[in-house]
Structures are given as structure tokens and as C-alpha cells.
Amino acid sequence: MKAAIKGDVSFFAKEIEAACGQDVLTCYQCRKCTMGCPMAFKMKVKVNEMMRAVQLGRKEDVLAGDTMWWCVSCETCATRCPQGIEIVEVMDVLREMAIKGEYYIPVESMKSFHEVFLNSVRSYGRLYEMGFAMDLNLALLDPLKDAGLGPVMFSKGKLKLLPHKVKNLESVKKIFENVKKIEELQE
Ligand code: SF4
Ligand code: SF4
């Protein structure tokens, strides 16, 4: 990784805080996030290391890295973090920044995963698993991928045929609208 650039230290963390409300500067490197992360074995830069790089203002390195692209938003890290940092929200912001900045995405399928996931949340306020799986397969040009798992998941009640919207979908839509406005102001 490049050395921290003087003046950039913590500015990057502040940028992230402005986007999602999570204060990465409170991370004190206990490594509980990484120890519990089921995808850590894939990440070249582990979750706690990525948090440190953010604190040091290493924006280029973080956005060109693979950490956020392996994250599957399982929330384990956030549950374990003694500082209560919602790391998934940090990951979301970093993915958006990387896409906008046209950084190389080391796990191309995760870009589709991210976009399809956000579309589902935008439409229903939560993840509609069935629609998500179908849309993702279409985006990956592999419509029958994991089709055999469907009946098993149905039988165990893990998949619902129809989507369930959250009660206050308007609030969710407002969040997306506000984010869009902020992005337009930053351009
Ligand atoms: S949410 Fe992402 S970073 Fe956190 S434990 Fe799960 S896969 Fe790892
Ligand atoms: S669990 Fe929280 S405080 Fe500990 S290293 Fe990870 S982000 Fe930092």
C-alpha cells in the first residue's frame, strides 16, 4: 500500500461518515470483525486492515482493493464490533465510490450482486430473495444457476414466492432520493 498522504489522513474517514453516518475513526484494531468474517479467507486486505487504511486516508488503495467486493453483507462483523460500527454500511459506500471512480473491480460478479441487491431494497425496502436470485442469475447470464436449491429452500420456508414490502417504503425511497441529490451536488 502507498504511504498515507499528509492532509488526507482522516479526511477519507470523514467522507465515509458523511455518506453513511459510520465513524471509522473509532476503530481501534481489535480485529474481531476479521476473526468472524466468513469471507476473510478470500480478502487480500482483511476488514480491520481496510478500516485502518481508511483512517490513514489511503483512499486509492482502499478503492482499488478487493475487501468490499468479497463482503456478502452477512453483518457478522457489525455484531462483533465493540465500537458498534456498521461495517456493512461502510462497505456499501466504498463499493459505490469504487464504481463511480471506475476502479477495477476484482470480483466482477459482485458488482452485479451489489446493483441487484440495491434494486431490491429500493423496490421493497428489504431484500426479496426470490427476485434477487432470479435477477442476479440474469445479470450474470446464467439463468439456471443454483436452480436446484430453490425447491429445498421453499420446503424449509427460506424462500417466499411473493415479495414483502416494508411498512414505510416511502422513507426508504426518500433515502435513495437524498443520496442521489447528495451525489449530484458532489459532481
Ligand atoms: S458483513 Fe462482510 S465484512 Fe462483515 S463479516 Fe460479513 S462478509 Fe465479512
Ligand atoms: S471489530 Fe470494530 S473496532 Fe475491532 S477492528 Fe473491526 S472495526 Fe475496528
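What follows draws every value from the coordinates through simple rules; no lab data is involved. Quick caveat, the model's predicted, so the values are computed rather than measured. Positions of Cβ are backbone-derived with ideal geometry, glycine not excepted, and every protein chain shown enters the neighbour counts.
About its Cα centre, how strong a charge dipole does the range 23-124 have in debye, to the nearest 20, once Lys and Arg get +1 and Asp and Glu get -1 at the Cβ? My answer is approximately 320 debye. Sorted ascending by nearby beta carbons within 10 Å, beginning with the fewest, Lys100, Lys46 become Lys100, Lys46. With both labels modelled 7 Å from their Cα along Cα-to-Cβ, the Glu89 to Ala18 distance reads 1.7 nm. Between Glu75 and Ala147, the FRET efficiency estimated from the beta carbon spacing at R0 = 35 angstrom works out to 0.85.
For the chain, divide the Cα radius of gyration by the Kirkwood radius and give the resulting Rg/Rh value with two decimals.
0.98
Net length available on complete extension from Cys30 to His164 is 44.5 nm, with 0.36 nm assigned per residue and the Cα-Cα distance removed. Once both labels are positioned 7 Å from their Cα atoms along Cα-to-Cβ, the gap between Glu102 and Glu115 label points is 1.6 nm.
Nearest 20 debye, what's the magnitude of the dipole of the chain about its Cα centre given +1 on Lys and Arg Cβ and -1 on Asp and Glu Cβ?
580 debye
Given axes a ≥ b ≥ c from the Cα gyration tensor, I'd like to know whether the range 11-100 is rounded (a/c under 1.5), prolate (a/b larger than b/c) or oblate. Verdict is rounded for the range 11-100.
For the residue pairs Lys100/Lys156; Lys156/Lys180; Lys111/Lys174; Lys14/Lys165; Lys14/Lys111; Lys32/Lys111, alpha carbon separations beyond 29 Å are given by Lys100/Lys156; Lys156/Lys180; Lys14/Lys165. Comparing mean-square fluctuations of Cys20, Cys81, Cys30 from a GNM of the chain with C-alpha springs under 10 Å, the top value falls on Cys30. The GNM of the chain, with springs linking C-alpha atoms under 10 angstrom apart, assigns the highest mean-square fluctuation among Phe176, Phe117, Phe132 to Phe176. Exposure proxy for Met35, Met51: other Cβ atoms within 10 Å of each Cβ, ordered fewest to most, give Met35, Met51.
Of the residues Val179, Trp69, Met97, the one whose Cα sits farthest toward the positive end of the charge dipole of the chain, with +1 on the Cβ of Lys and Arg and -1 on the Cβ of Asp and Glu, is Trp69.
Cysteine residues of the chain whose C-beta has no other cysteine C-beta under 4.7 angstrom: Cys20, Cys27, Cys30, Cys37, Cys71, Cys74, Cys81.
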